[in-house]
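The values are calculated or read from the model by the stated rules, or taken from the named source; none is laboratory data. All figures in this text were calculated on a predicted structure; none of them were measured in a lab. Virtual Cβ from ideal backbone geometry, glycine too; neighbours counted across all protein chains shown.
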Amino acid sequence: MTLKVGIISANWGAFAHLPAWRSLPGVEVTGICTSRQETAEAAAEKFGIARPFWSAEAMAADPDIHIVDCGTRPSLRHKMVQDCFAGGKHVYNGIPFAANIDDARDLHRAWQASGKVGVVDALSQWVPAIRLMKEMVDAGDLGQPFGGTLHFNMALFNPLILQFPYNWFAQGGLGVSAVRNLGSHALHVLLHIFGPVAELVADDRQLLDVWTAPTGETIVPETNDFANALIRFESGLTLQFQISWNATLGEGWLLDVFGSKGRVVTTAPSFPTPRDTRISAGRVGGALEEVAIPDRLKSAEGIGLDWTAPVPPSYPMALAMRSMVDAIEGKGRAAPDFQQAWDVERVQEAIRLSSADRRWVALADIA
């Protein structure tokens, strides 16, 4: 059976998600949805998609759609995702998973009750260098994990680029912040590689009170742009965690972890993507050296994209989407699924509570 996909979003969804879906055998993107009839019809014509929708509810209820790819703001996605599960759809959900912990709990419960497959767009764990890091940790290259650092620091709004499509991140109440957006991607990687978090202490705040464009135009943000945390994992690993989307000349991605036997490091100059994420490793008594990424992680049989894809995120997205298709067909578990997304949301709620109350927070207290 051909699985038919409807995409909600004619921007990033069409640019990056559409080629990923189209790279999978047995999958057909048959619908695209925007908020207005004229834009939906224009998008369908532009991207060669048969069916325009201008109602997310209609797409969720349509019997000829099997998977809905929900790619709009988290505050809007809450009802869309619930409608999709109610309509018997499998869901590929954006990041952040939800606007807040209450909405996340609702979505997690709706997924559990639906019996359907739910995947989130936390594509970083499918990046070849990060997949290799996971393999090395699982193989014992670190030994007992001791400590490490994760920095994910970007300069997205300093300076402010007026044409940047995500300037709405300045608006409060929409479920976004540096730690909820960039931090979601980082936390998915951490939980995927190192397992559950036991407790943390955090500081989450706003540093840049005005975003200024080179032309002198400004935006006054209502969202936090800088978070630091000390995270203790159940494995014993203690990790320093720093996230910012207004880091001056931000260095991008760094995940550097050491243990009783060795050290493993992944780096990227911006968002981790297949072509620019590097991995280095070393054992006790040796030196830290770059590790070649094996060809088996740079492509996948049956997928029409590889690590050189013109839109770099599309290849790891395609791997996540393939895991979703496999799960729908009863061939394995989808990843990253809604359970991992709920676990990430619990960590983010712990960060919020710790910052507000100035205390350590145990994850066991967040249910």
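Couple of notes before you dig in:
- Qualifying residue in segment 26-35 (condition: in a helix (DSSP H, G or I) and either farther than 17 Å from H90 by Cα or assigned by TED's automatic domain parsing to the domain that holds C84 (or both)): no
- Restricting attention to segment 29-54, the residues that are under 23 Å from the mean Cα position of the chain (by Cα) and either surrounded by fewer than 21 Cβ atoms within 10 Å (Cβ to Cβ) or without any contact (Cβ under 8 Å) to a residue 24 or more places away in the chain (or both) add up to 0.
- Hey, L150 crowded, with 22+ Cβ neighbours inside 10 Å, among the hydrophobic types (A, V, I, L, M, F, W, C), in contact with a Gly (Cβ under 6 Å, 6 or more places away or on another chain) and under 25 Å from L255 (Cα atoms) or not: no
- Filtered by the rule that a residue be assigned to a loop (DSSP other than H, G, I, E, B) and either touching a Ser or Thr at 6+ places or on another chain (Cβ under 8 Å) or farther than 14 Å from M136 by Cα (or both), segment 288-305 gives L288, V291, K298, S299, A300, E301, G302, I303, G304, L305.
- Any hit, segment 272-291, residues being within 24 Å of P19 (Cα to Cα), out of contact with any Phe, Trp or Tyr (no Cβ under 7 Å at 6 or more places or on another chain) and surrounded by fewer than 17 Cβ atoms within 10 Å (Cβ to Cβ): yes
- Meets criteria (touching a residue at least 60 places away in the same chain (Cβ under 8 Å), exposed (fewer than 15 other Cβ atoms within 10 Å of the Cβ) and over 20 Å from the mean Cα position of the chain (by Cα)) for R205: yes
- Subset of segment 159-199 (residues that are surrounded by 20 or more Cβ atoms within 10 Å (Cβ to Cβ) and either in a loop (DSSP other than H, G, I, E, B) or not assigned by TED's automatic domain parsing to the domain that holds A129 (or both)): L160, G175, V176, S177
- Exactly one residue out of D203, D209 is outside the structural domain of F97 (by TED's automatic domain parsing), of a type in the set (D, E, K, R), over 21 Å from W126 (Cβ atoms) and in a strand (DSSP E or B), and it is D203.
- Checking each residue in segment 55-73 for being in contact (Cβ under 8 Å) with a residue 40 or more places away in the chain and part of a helix (DSSP H, G or I) picks out A56, M59.
- Applying the criterion of being within 25 Å of the chain's Cα centre (by Cα), among the aliphatic types (A, V, I, L, M) and at pLDDT below 95 to the residues of segment 1-15, the residue that is nearest to P316 (Cα to Cα) is A14.
- Given (1) of a type in the set (G, A, S); (2) at pLDDT 95 or above; (3) within 18 Å of P336 (Cα to Cα); (4) surrounded by 19 or more Cβ atoms within 10 Å (Cβ to Cβ), index of the condition G71 fails: (2)
- So V68, is it closer than 29 Å to A367 by Cβ and not assigned by TED's automatic domain parsing to the domain that holds R180: yes
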